[in-house]
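Working notes, beginning with the structure itself.
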Amino acid sequence: MSRPFKLYRLQQIDSQLDWIHNRIQEIDHLLKEDSALQEAIAHAELSDQALQKARKEMRRAEDEVRQQRLKIEQSESSLYGGKIRNPKELKDLENEVASLKRYLSVLEDRQLEAMLAEEEAAERQKQSAAELEVTRQKHSQRSNELMQERERILKDASRLEDERNAALTSISADDLALYTQLRKTRRGVAVAKVADRACSACGSTLNAALLSAAHSPNQINHCEVCGRILYLG
Ligand SMILES: [Zn+2]
């Protein structure tokens, strides 16, 4: 195994580990993300509150109609009870009953409106409760999938760590130091494969001398443009 190949193999392992660590971070972030669920909860709560309010209004309207009917009953029983004989008094009472009945019809209209409003509020509440349930299920399914992925790639990472340790045994301390330094300064990529006479990391074409030098198994050559270690593949 050539020195560049050993470093290239280490690079492949490290790139996969980098990807896994980034993905774990992303998953942890996604697992905390529940804005759609929170929104559905808030919406369902508002619908619940609106329904409670509509029910209260409806009960009040029913109550008012009931009380008005009672008033009319009492006035009519006085009117037809026979105890009052004075014509003026009877006329006044008659007018009062008529006026009570007019207001009763206003109250009955209000009651009907309140009943319709309650029906609508109940329908909306039912809908948002159903939507909340669907959102909850989706959220829980998504969380389960993410947790499973997390577990799976953590196992991959542990296998890769073993491979990395094995790969390190054949790399000299100097080569590893060089590799580590380049990884830090070249966005994680220290070794670049040569493809079509060019550095696959930065795309620059290699001159003939460098290309020939890159064939040597015991020599480390760098791309003249990006400085990465070249591996001929
Ligand atoms: Zn390059």
Original post:
Could you say whether any residue in the range 188-202 is within 40 Å of the chain's Cα centre (by Cα), at pLDDT 95 or above, outside the structural domain of A42 (by TED's automatic domain parsing) and farther than 14 Å from L230 by Cα?
Top reply: yes
Original post:
Taking the range 188-209, which residues are within 12 Å of the ligand (Cβ to nearest atom) and within 20 Å of D14 (Cα to Cα)?
Top reply: V189, A190, V191, A192, K193, V194, C199, S200, A201, C202
Subject >> Unmet criterion (only one of (1) touching a residue at least 40 places away in the same chain (Cβ under 8 Å); (2) not in a loop (DSSP other than H, G, I, E, B)) for M1 >> reply: (2)
Original post:
Just wondering, is there one or more residues in the range 169-176 that are of a type outside the set (S, T, Y), buried (at least 16 other Cβ atoms within 10 Å of the Cβ) and within 15 Å of the ligand (Cβ to nearest atom)?
Top reply: no
**OP:** Of all residues in the range 26-59, count the ones that are farther than 28 Å from E118 by Cβ, of a type outside the set (A, V, I, L, M) and either surrounded by 15 or more Cβ atoms within 10 Å (Cβ to Cβ) or touching a Lys or Arg at 6+ places or on another chain (Cβ under 9 Å) (or both).
**Re:** 2
Original post:
Hey, among S212, S216, which residue is in a loop (DSSP other than H, G, I, E, B), away from the ligand (no atom under 16 Å from the Cβ) and among the hydroxyl-bearing types (S, T, Y)?
Top reply: S216
**OP:** Mind counting the residues in the range 177-187 that are assigned to a helix (DSSP H, G or I) and within 14 Å of the ligand (Cβ to nearest atom)?
**Re:** 2
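The values are calculated or read from the model by the stated rules, or taken from the named source; none is laboratory data. Predicted model, so just to flag it, every value in this text is computed and none were measured. Backbone-built Cβ (ideal geometry, glycine too); neighbour counts: all protein chains shown.
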